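First the structure, in the form of structure tokens, and then the observations on it.
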Amino acid sequence: PPMGTINVHGSLLPQYRGAAPINWAIINGEKETGVTTFKLKHEIDTGDILLQERMPIGDEETAGELHDRMKIMGAQLLVKTIEGLAAGTLKETPQENSNQLKHAPKIFTGTCKIDWARPGTEVHNLIRGLSPYPGAFTTVNQKIFKIFRSKKIDNYSENTSTVLSTASAQKAAAPGSLFTDRKSYLRFRCADGLIEALEVQFEGKKRMQIDEFLRGYGAQLPEKTG
């Protein structure tokens, strides 16, 4: 094309170049992201920047929710970019290259497996950063168990007296230990607290809220594992 080829990217370039910028921004705990329009070059996501707009990331926002907000902003920014190019009013800005840049590579299965030995904030961010697709997962009764929404519990005394008998016992539990009343909650021990699963999908089952899952499957779960 005589005026070049333009693209819309879901990050504030040059940060988060790659295939999964929305996911990685949330996984890394970013509080802000945005949309960039830029001219294409041979190297992926490295072309001169045309326009950018910023947007906050909510503390509990998932990648799917952020995507749905971002697509509206992206559409509006693309129209603004085309109009600016046609009017000759846009100035192209070369991207900076730095060792401090964060990248957004493709998401693979290994990325999605939850490491319960990590701090709760990291686990929570991984879960929401991979929701709704492809979904962060662990194993329960040797079957794949995806978690799409979660809550981080830092304070062991926060309504957890029925989870473990004492605070010291809670802290001594191995990462990945599972605790449930089989009716209303399902929690996993992480490095510095508990992660409560709120929306889940058990292997071979549909996605559902945790109380719905426990009504159908809770009787088969141990009250404590690990």
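Computed values, structure above
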| item | result |
| --- | --- |
| For the chain, with +1 on Lys and Arg beta carbons and -1 on Asp and Glu, the positive-most of P14, Y217, A87 along the dipole | Y217 |
| Value of D in µm² per second that Stokes-Einstein yields for the chain, Kirkwood Rh from Cα pairs, at 10 °C (1.306 mPa s) | 82 |
| Heavy-atom accessible area per residue - the chain, 1.4 Å, Å² | 53 |
| Filtered trypsin sites (Lys or Arg not before Pro), the stretch 10-40: DSSP coil and at most 14 other beta carbons within 10 Å | K31 |
| Förster-model FRET efficiency, 45 Å R0, K91 and D59, C-beta, rounded to 0.05 | 0.80 |
| MRE, 222 nm, helices only [DSSP H, n ≥ 4, -39500 (n - 2.57), over the chain, to nearest 500] | -8000 deg cm²/dmol |
| Rough spin-label spacing in nm, given labels placed 7 Å along Cα→Cβ, for K113 and R182 | 3.0 |
| Sulfur and carbon atoms: percent of accessible area, the stretch 1-121 [1.4 Å] | 55 |
| Mean Cα-pair separation over length for the stretch 1-147, i.e. relative contact order, pairs under 8 Å, 6 or more apart, % | 29 |
| Net charge contributed by nearby residues that have their C-beta within less than 15 Å of P105 (K/R +1, D/E -1) | +1 |
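The values are calculated or read from the model by the stated rules, or taken from the named source; none is laboratory data. Being a predicted model, the structure only gives us computed values, none of them experimental. Positions of Cβ are generated from backbone atoms using ideal geometry, with glycine treated the same way; all protein chains shown enter the neighbour counts. We work out accessible area using only protein heavy atoms, side chains counted, and drop any ligands, DNA or RNA first. Shrake-Rupley method; radii C 1.70, N 1.55, O 1.52, S 1.80 Å.
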